[in-house]
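Enquirer: Attaching a single structure in structure tokens format; questions to follow.
The values are calculated or read from the model by the stated rules, or taken from the named source; none is laboratory data. Since the model is a prediction, treat every value here as computed from it, not as a measurement. Neighbour counts run over all protein chains shown; Cβ positions are idealised from the backbone, glycine included. The protein model used for the area step is the full one, side chains on, heavy atoms only, and it has no ligands, DNA or RNA in it. Shrake-Rupley method; radii C 1.70, N 1.55, O 1.52, S 1.80 Å.
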Amino acid sequence: MAVDIIRISHLVKEFKTANGVVHALDDVNLSIRHGEIYGIIGLSGAGKSTLVRCINYLERPTSGDVFFDGVSLSQMKERDRREVRRSMGMIFQQFNLLEQRNVLKNVCFPLELGGMKRVKAEARARELLNLVGLADREKAYPAQLSGGQKQRVAIARAIATEPRVLLCDEATSALDPNTTESILNLIRDINRTLGITVVMITHQMSVIEAVCDRVAIIDQSRIAEEGEVQRIFSAPQSKIGRELILGGDVRQEEFGASKKIRVTFDGRSAFEPVIANMILGCQLPVNILFAATKEIGGQAAGQMVLQLPENEADAMKLIHYLRDRGVNLEEVKNSDF
Ligand code: ADP
């Protein structure tokens with residue numbers, strides 16, 4: 001079987017700051033296959049940008065390693081690392097175009113840096129502008145373009161040197177939904193027609209759903225879960241996965257490290273009044289993490305997983321309320337529910 005194009009192994013990245021050490025990545029392991037579109041999703045501050053900057057070694061990992069086509073980046077000479085970096089194009093949320101250069105010159109820039117003669121570089125840049133649908137704007141300056149057009153120029157520039165991987169860091173986060181769709185379509189076309197592997201960093205689940213084959217969900221510096229997009233979307237296993245996919249505000253302060261209970265309804269009682277009355281009666285909040293219930297003739301069958309407040313006395317008050325009313329419940333010890 002072919003070697004994965006990128007393999008990240010036990011990657012740790014710490015930043016030493018005036019306020020102590022920040023653990024941006026903590027034992028991250030993942031593999032990206034040749035030709036796929038791989039998503040990395042997480043909330044702000046989860047570690048996504050740090051991860052992508054470690055992938056191309058703009059950031060040196062504290063420990064662990066990154067393998068490109070099976071070769072360890074940490075063991076490589078700096079010259080070879082530069083070569084690997086050149087085979088990874090990158091686009092950003094803020095486009096990062098050179099404002100003083102027109103569109104054509106922006107796309108020529110990496111080619112000329114690589115030593116290509118001007119005439120040849122311009123011919124190649126024109127091909128690329130044609131590919132991204134901007135053939136008629138080569139003389140425009142970035143300030144004269146829309147956000148979507150700027151990102152098209154950035155994509156043309158990123159793939160000018162024929163990279164094998166395109167790293168997209170929140171590439172559509174500054175764009176409206178229609179423009180996002182057109183940019184995602186362009187990225188997918190480039191992936192399919194040029195065979196460029198794409199790594200898509202985003203905080204938007206819709207982006208993952210639209211174009212990615214596989215996804216890693218990163219939460220608080222660690223991979224919470226990873227796999228085929230379809231599988232993760234249909235049955236997220238992690239708390240953060242459920243939060244991102246099913247919505248809801250699971251991460252409220254009072255629910256930090258609190259107890260979770262599974263409440264089972266066997267059809268003898270209606271679950272809504274039980275839960276509603278419990279919340280009203282106890283004057284305490286609960287968080288519904290999971291519910292699989294069916295109403296049959298006004299009676300509920302199924303189960304719910306509730307997260308209780310962190311305060312132990314409050315949690316016990318809720319548990320006693322349910323027990324007193326004969327509701328079946330058990331404590332859930334891990335996130336597998
Ligand atoms: P994301 O891209 O998911 O928003 P980041 O990778 O930017 O997350 O950040 C992860 C964590 O690392 C955050 O707590 C952030 O403040 C911290 N961090 C990132 N870069 C640096 C840095 N150069 N110095 C100190 N802390 C950093």
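Enquirer: Go through Lys16/Lys259; Lys48/Lys317; Lys16/Lys260; Lys13/Lys77; Lys120/Lys150 and tell me which ones have a Cα-Cα distance over 30 Å in this structure.
Expert: Values: Lys16/Lys259 33 Å; Lys48/Lys317 40 Å; Lys16/Lys260 35 Å; Lys13/Lys77 21 Å; Lys120/Lys150 23 Å.
Too far apart for the 30 Å limit: Lys16/Lys259; Lys48/Lys317; Lys16/Lys260.
Enquirer: Test of understanding: extend the Cα→C-beta vector of His203 to 7 Å, then name every residue of segment 77-99 with backbone N under 20 Å from that spot.
Expert: Only 91-96 fall inside the zone, counting backbone N under 20 Å.
Enquirer: What accessible area per residue comes out for the chain, rounded to a whole number of Å², with a 1.4 Å probe?
Expert: Numbers: 16630 Å² over 337 residues.
With all protein chains present, the chain gives 49 Å² per residue.
Enquirer: So, one more: I'd like the antiparallel share, as a percent to the nearest 5, of DSSP beta bridges with both residues in segment 4-240. Spell out each step's value before the answer.
Expert: Details: 22 of 41 bridges.
That works out to approximately 55 percent antiparallel.
Enquirer: Between rounded, prolate and oblate, where does segment 1-137 land on the alpha carbon gyration tensor, with a ≥ b ≥ c its root eigenvalues, rounded for a/c under 1.5, else prolate if a/b exceeds b/c?
Expert: On the way: a/c = 2.04, a/b = 1.70, b/c = 1.20.
In terms of gyration-tensor shape, prolate.
Enquirer: Give me the extension gain from Lys77 to Ser31: residue separation times 0.36 nm, minus the current Cα-Cα distance, reported in nm with one decimal. It would help to have the intermediate numbers written out before the result.
Expert: Numbers: separation 46, 0.36 × 46 = 16.56 nm, distance 2.27 nm.
So the chain would gain 14.3 nm between Lys77 and Ser31.
Enquirer: Counting only protein heavy atoms and a 1.4 Å probe, tell me what percentage of segment 4-240's accessible area is made up of carbon and sulfur.
Expert: Working: 5090 of 10990 Å².
It is 46 percent, rounded to a whole number.
Enquirer: Using only the alpha-carbon atoms, what does the chain span along each of its principal axes? Please give whole angstrom values in decreasing order.
Expert: Cα spread of the chain along its principal axes, largest to smallest: 83, 45, 43 Å.
Enquirer: At a Cα cut-off below 15 Å, give the aspartates and glutamates reachable from Lys239, other chains included and same-chain residues fewer than 8 away excluded.
Expert: Asp219, Glu225, Glu226, Asp249, Glu253, Asp336
Enquirer: Same structure, new question: On a 0 to 90° scale, report how tilted helix 147-159 is relative to the longest principal axis of the chain, with both axes built from alpha carbons and the result rounded to the nearest 10.
Expert: 60 degrees
Enquirer: Then there's this: Among Arg242, Arg101, Arg152, which one shows the highest mean-square fluctuation when the chain is modelled as a Gaussian network with alpha-carbon springs under 10 Å?
Expert: Arg101
Enquirer: For Ser44, what accessible surface area do you get with a 1.4 Å probe? Give it in Å², rounded to 10.
Expert: Here the residue's solvent-accessible area equals roughly 120 Å².
Enquirer: Using amide H atoms built 1.01 Å from N in the peptide plane, name the residues 5+ places from Leu167, or on other chains, whose amide H lies under 5 Å from its own.
Expert: Result for Leu167 returns Gly89, Met90, Ile91, Val199.
Enquirer: Expressed in nm to one decimal, what extension gain is obtained for the pair Ala292 and Glu99 from 0.36 nm per residue of sequence separation less their Cα-Cα distance?
Expert: Details: separation 193, 0.36 × 193 = 69.48 nm, distance 5.37 nm.
Full-extension gain reported as 64.1 nm.
Enquirer: Spin-label point model (7 Å from Cα, Cβ direction): what's the Asn328 to His10 distance in nm?
Expert: 4.5 nm
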